[in-house]
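Shown next, in structure tokens, is the structure this report addresses.
The values are calculated or read from the model by the stated rules, or taken from the named source; none is laboratory data. Remember, predicted model here, so these are calculated numbers, not experimental data. FYI the Cβ positions are ideal-geometry reconstructions off the backbone, even for glycines, and counts take in every protein chain you see.
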Amino acid sequence: MLSACGDSKPQDTAAAPAPAPTGENPPAIEAPAPMDYAQASSWLCRPDQPDACEQVATATVVAADGKLTKDDFKPAADPAIDCFYVYPTVSRDQTANADSNIGPEEQEIARQQIARFGSVCRIYAPVYRQVTLSALRKMLAGEDPGSNREMAYADVKAAWQRYIDHDNQGRGVVLIGHDQGAGLLTRLIAAEIDGKAPSERLVSAILPGTGVEVSSTGSVGGSFDSIPQCRTATDTACVIAWSSFRANQPPPSDSLFGKAQTDGNRVACANPAELDGSGTLKPLMPAGPILLDELAPPPPWAGDAAGIDTPFVSLPGLLSARCIDRGGFSYLAITVNADPADPRTDTINGDVVIDGKVQPQWGLHLIDMHLAMGNLVDIVKHQGEAWLKAKPGSALPPEFHKPQ
């Protein structure tokens, strides 16, 4: 999930060649032919086939007193809206761009970042030939990784067009991506949705861990001409974006996230806990590792951690957040409301750690979405309800009348 793409305002040229946008476009690279999304094998998740988004995604709730209970999460049988998801940088292929095969890393990131949305939307997630972790490491070392970003974008664009032409059928859709996936969706939205017919189907876009920009004088302008930031959980046709850092470790001067690359803009920051009105984050943390070698092992979640046998843990009340706009950086500041006297963990993992050292310029990038997963699912539910209410002649389906 290390970042490999993050345009501030995507154009029809190649994406920025660094984890955070540089403000300069490299020479254009000819886009290759995209993958064939008429083939079922080109999709990581689709509602009409068994796939990675149908993995077990239950959670153990760890209360402040250490008590463990299991939730009863299950996908909805027939959700009324769709989610179009583009996963982050996870490919362990040793080539500069990933191949078209689904590996265990793509399977697991689907479980971690999108499976829980199955309770509120049908999920479409294309396989795409992304810039790999191997290429990213070369890039960060100052080497030429030889990757083709146009290949990744061509795939995502083709998958989106296939979805619109053959699957959408006028339904509302939420676009969801993180890191490289969020960067590619930012570009796609600017080029193919903003101010065009598909914008009528846009429920919202959730794009953490990239450089979505807004005008410093308002919420519109920057990456998108007419798509504002979401202000409440019932706003639609809007964007939710942030990059997270620990409250006591704000972005350093060489931070990869949080600073706009265009004069007059700032990086968007939306606090999911404020959007849904709860005031507190509802994290859903992996009970085990988050895929990458660069991540420190997770802490024991509670004194009775041996009783956790679900893929996720839920930690009500442990985390809080607020958006900070300071020193040219806009970011989501995460506070751990630790109580050393109780049996629950007093810390969370999520930092990039290389050779035993935390890399502060990444912040909590690896867990941007995990930190607010419960909030985000709730927000999508409410946004879907609002979009359906506003659609002429639309009646709300039964799942939108169930108690929260």
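A few comments on the model shown:
- Against the numbered list (1) buried (at least 20 other Cβ atoms within 10 Å of the Cβ); (2) within 30 Å of ALA386 (Cβ to Cβ); (3) not small (Gly, Ala, Ser), PRO316 comes up short only at (1).
Here is a yes/no grid of residues against (1) aliphatic (A, V, I, L, M); (2) at pLDDT 95 or above:
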position	(1), (2)
GLY6	no, no
ALA15	yes, no
PRO26	no, no
ALA59	yes, yes
LYS67	no, no
ASP78	no, no
ILE81	yes, yes
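- Meets criteria (in contact with a helix residue (DSSP H, G or I) (Cβ under 7 Å, 6 or more places away or on another chain), within 30 Å of GLU106 (Cα to Cα) and either without any contact (Cβ under 8 Å) to a residue 60 or more places away in the chain or surrounded by fewer than 18 Cβ atoms within 10 Å (Cβ to Cβ) (or both)) for ILE206: no
- Top-ranked residue in region 116-153 [being of a type outside the set (D, E, K, R) and more than 25 Å from MET369 (Cα to Cα); ranked as modelled with the lowest pLDDT]: ALA141
- Counting only strands (runs of 3 or more DSSP E) that fall entirely inside region 150-258 and contain at least 1 residues that are over 17 Å from the mean Cα position of the chain (by Cα) and among the small types (Gly, Ala, Ser), the qualifying elements are 213-215.
- Condition check for ASP99: over 24 Å from ASP167 (Cβ atoms) and modelled with pLDDT of 95 or more: yes
Here is a yes/no grid of residues against (1) over 20 Å from GLY183 (Cα atoms); (2) free of Cβ contacts under 8 Å to residues at least 60 places away in the same chain; (3) surrounded by fewer than 19 Cβ atoms within 10 Å (Cβ to Cβ):
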position: ALA241; (1), (2), (3): no, yes, no
position: SER253; (1), (2), (3): yes, yes, yes
position: THR262; (1), (2), (3): no, no, yes
position: GLY279; (1), (2), (3): yes, yes, yes
position: LYS282; (1), (2), (3): yes, no, no
position: ALA287; (1), (2), (3): yes, no, yes
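- Close pairs (6 angstrom Cβ cut-off, 6 or more residues apart or separate chains): under 11 Å from THR234 (Cα atoms) in region 360-385, outside any helix (DSSP H, G or I) and of a type in the set (Asp, Glu) anywhere: ASP378/ASP276; ILE379/ASP276
- For GLY66: the one exception among (1) surrounded by fewer than 18 Cβ atoms within 10 Å (Cβ to Cβ); (2) assigned to a helix (DSSP H, G or I): (2)
Okay, residues lined up against (1) basic (Lys, Arg); (2) at positive phi; (3) in contact with a helix residue (DSSP H, G or I) (Cβ under 6 Å, 6 or more places away or on another chain):
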residue: ALA57; (1), (2), (3): no, no, yes
residue: ALA63; (1), (2), (3): no, no, no
residue: LYS67; (1), (2), (3): yes, no, no
residue: PRO88; (1), (2), (3): no, no, yes
residue: ALA96; (1), (2), (3): no, no, yes
residue: SER100; (1), (2), (3): no, no, no
residue: GLU106; (1), (2), (3): no, no, no
residue: GLN113; (1), (2), (3): no, no, no
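- Matching residues in region 141-156 - criterion: being in contact (Cβ under 8 Å) with a residue 12 or more places away in the chain and surrounded by fewer than 17 Cβ atoms within 10 Å (Cβ to Cβ): GLY146
- LEU388 at pLDDT 95 or above and more than 26 Å from ALA321 (Cα to Cα): yes
- Residue that is nearest to LYS282 (Cα to Cα), among those in region 36-63 that are of a type in the set (A, V, I, L, M) and part of a loop (DSSP other than H, G, I, E, B): ALA63
- For region 214-256, filtering for residues that are among the acidic types (Asp, Glu) and more than 24 Å from ILE114 (Cα to Cα) leaves 2.
- Tallying residues that are surrounded by fewer than 18 Cβ atoms within 10 Å (Cβ to Cβ) and among the polar types (S, T, N, Q) within region 209-239 yields 7.
- Verdict on ARG187 being within 28 Å of GLN359 (Cα to Cα) and free of Cβ contacts under 8 Å to residues at least 24 places away in the same chain: no
- With respect to the stated conditions, GLY350 is in a loop (DSSP other than H, G, I, E, B) and under 20 Å from the mean Cα position of the chain (by Cα).
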